[in-house]
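Working notes, structure below.
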Amino acid sequence: MAVAIAPVLQGRGLGKIFGQHHALDQVDIDLWPGEVHALLGENGAGKSTLIKILTGAHSADAGEVLLEGRPVTFRDPLQAQEHGIGTVYQEVNLVPNLSVAENLFLGHQPTRWGFVQKRAIAERARRVLATYGLDIDVKAELGSYSVAVQQIVAIARAVELSGKVLVLDEPTASLDRAEVDRLFDVIRSLKARGLAILFITHFLDQVFAISDRVTILRNGRLVKSQPLTTLSRTDVVRMMLGKDIVFAQPATLLDQTETGPVLVSFKGIGKAGRVAPFTLDLCRGEVVGVAGLLGSGRTEMARLMFGVDVADEGSVHLESKALSLRNPAHAVAAGFGFCPEDRKADGIFGDLSVRENIIIALQAKLGWLRALSRDEQDEISGRFAEALDIRAASHDMPVRLLSGGNQQKVILARWLAIDPSLLILDEPTRGIDVGAHAEIVRTINRLREDGLALLVISSELDEVVAYSSRVVVMRDREMVAELTGQDISPAVIVQAIAAQEGAA
Ligand SMILES: Nc1ncnc2c1ncn2[C@@H]1O[C@H](COP(=O)(O)OP(=O)(O)OP(=O)(O)O)[C@@H](O)[C@H]1O
Ligand SMILES: [Mg+2]
């Protein structure tokens, strides 16, 4: 392969101002052919804004973008695509009610599809998705598939469009380990073909597994751009945060084995086709971790516990009294909170303000006749924003204008505000930066000490081990193990998750 003598895509002195806020200030970045370049920084550091400017989704207020050495101004992402730049934005912008195949080739297909073309396109879609280990009905609506599948379709689509540059904003946030490995294989082959890949993630392991170079932003400014081989993890974290962080170590945590009385008991609840009947007691002052692969039934279990889906058998008791959970309002009235996995679809009300998003569950719980005054609203949203370090220029701004990680913290704040007795968290640290990550783990422990019952679904086993007093393992939509004491270790959990594989 010829040695590249110039970057394929460059940003020079890029700046972006939203209102009074400098989201990006004097940032330079170079992307070289054949490199995987990680873009790192805290929630709100300006990562998404930078890639939006590089790929035509935003215009810059200062500086310039150069493609193969020549200044360019992309009108929109479509024009960037025409120049060989494929992008997956943090907010997936596919069309849920078009088919998988249509989404995959949206924008680069003939406007009118004949029958033959449709068949050919479906065939091609199947071949493309097979590279990612996905064997699905490509004629079905995209919206009928899980977030993970939608994410893979978005990635596959960007890869198809990227002749020179592939840009991925947190592509792995909803993928499991096997899917991440497949994505990395695809990235390596694109790299070998000489593409430049720009990749945003909050998973440092992934940064070290695949990147050649890193660019680190802090508060909209460039901290450093350099080869990864010269950096340690501690260096990277320090540059992102501007300080060192202390990770919660299991040994430093309080005794997790002493729990309070049973708060809720789920007895034999299940839903045909979704999750097999399971029985689980949740105690006050206890965290129950839920482990399992994507699609193992973890999320379905949480949805039954919160009345999003209705169980077709079994019973629920709250402090020994029978409880009917036919919809989420029943759950909220019983003091349950639920922070869902797919926050974009199920959680955030994009056009409502940060304040409204935080108080909405509390308001619903109080009833709309007892409207919270503006002062009460400000006090509540201010208090939780501070506790969770939510960075928003103003609590009046629409929440969709916050960075992805800060939106997630808003949803967590919403459920903490109702002062729940049971809190169900589905992947609470996805998309959250390393600093805030440690903060959320500490928050979970604090809530447990305050006497809440928590059910936490997480793919991050080190975390699960750090806060759980029990771990239930889901496999093939069934609860297959309940681990306690010494058995709460990543090795035992992995074994329980995988148990079936050797046997089959
Ligand atoms: N359209 C907009 N209007 C107003 N402010 C915005 C807009 N887009 C982004 N911002 C602000 O600019 C800052 C940078 O946001 P950006 O989305 O680039 O962060 P990020 O580094 O991608 O964070 P995350 O890791 O949470 O995704 C944030 O403070 C955000 O609230
Ligand atoms: Mg972002």
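The values are calculated or read from the model by the stated rules, or taken from the named source; none is laboratory data. Keep in mind that this is a model prediction, so the values were computed, not measured. Here the Cβ is made from the backbone with ideal geometry for all residues, glycine too, and neighbour counts use every protein chain on show.
Just a few scattered comments:
- Criterion applied to 197, 187, 210 was being buried (at least 17 other Cβ atoms within 10 Å of the Cβ), touching a Leu at 6+ places or on another chain (Cβ under 6 Å) and at negative phi, and the one residue passing it is 197.
- Restricting attention to the stretch 163-183, the residues that are under 23 Å from residue 405 (Cα atoms) and without any contact (Cβ under 8 Å) to a residue 40 or more places away in the chain total 2.
- Yes/no for residue 359 being within 26 Å of residue 305 (Cβ to Cβ), touching a helix residue (DSSP H, G or I) at 6+ places or on another chain (Cβ under 7 Å) and within 16 Å of ligand 2 (Cβ to nearest atom): no
Here's the yes/no breakdown for (1) within 26 Å of residue 30 (Cα to Cα); (2) of a type outside the set (Gly, Ala, Ser); (3) in the same structural domain as residue 201 (by TED's automatic domain parsing); (4) surrounded by fewer than 22 Cβ atoms within 10 Å (Cβ to Cβ):
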residue	(1), (2), (3), (4)
150	no, yes, yes, yes
164	yes, yes, yes, yes
168	yes, yes, yes, no
171	yes, yes, yes, no
183	yes, yes, yes, no
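Yes/no matrix, rows are residues, columns are (1) assigned by TED's automatic domain parsing to the domain that holds residue 351; (2) away from ligand 1 (no atom under 16 Å from the Cβ); (3) surrounded by fewer than 22 Cβ atoms within 10 Å (Cβ to Cβ); (4) touching a residue at least 24 places away in the same chain (Cβ under 8 Å):
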{"residue": "407", "(1), (2), (3), (4)": "yes, no, no, yes"}
{"residue": "414", "(1), (2), (3), (4)": "yes, yes, no, yes"}
{"residue": "445", "(1), (2), (3), (4)": "no, yes, yes, yes"}
{"residue": "456", "(1), (2), (3), (4)": "no, yes, no, yes"}
{"residue": "459", "(1), (2), (3), (4)": "no, yes, yes, yes"}
{"residue": "465", "(1), (2), (3), (4)": "no, yes, yes, yes"}
{"residue": "470", "(1), (2), (3), (4)": "no, yes, no, yes"}
{"residue": "477", "(1), (2), (3), (4)": "no, yes, yes, yes"}
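- Residues within the stretch 380-408 that are more than 14 Å from ligand 2 (Cβ to nearest atom) and within 16 Å of the chain's Cα centre (by Cα), tallied: 0
- Taking the stretch 386-397 as the range and being within 13 Å of residue 43 (Cβ to Cβ) and more than 11 Å from ligand 1 (Cβ to nearest atom) as the test, the residues that pass are 388, 389.
- A residue that is in contact with a strand residue (DSSP E or B) (Cβ under 7 Å, 6 or more places away or on another chain), more than 16 Å from ligand 1 (Cβ to nearest atom) and at pLDDT 95 or above can be found somewhere in the stretch 36-50.
- The stretch 32-43 - residue that is in a strand (DSSP E or B) and under 14 Å from residue 224 (Cα atoms) and, of those, farthest from ligand 2 (Cβ to nearest atom): 37
- Summed over the stretch 56-76, residues that are away from ligand 2 (no atom under 13 Å from the Cβ) and touching a Phe, Trp or Tyr at 6+ places or on another chain (Cβ under 8 Å) total 2.
- Evaluating residue 400 against the criteria (1) more than 13 Å from ligand 1 (Cβ to nearest atom); (2) in a helix (DSSP H, G or I); (3) surrounded by fewer than 23 Cβ atoms within 10 Å (Cβ to Cβ) leaves one unmet condition, (1).
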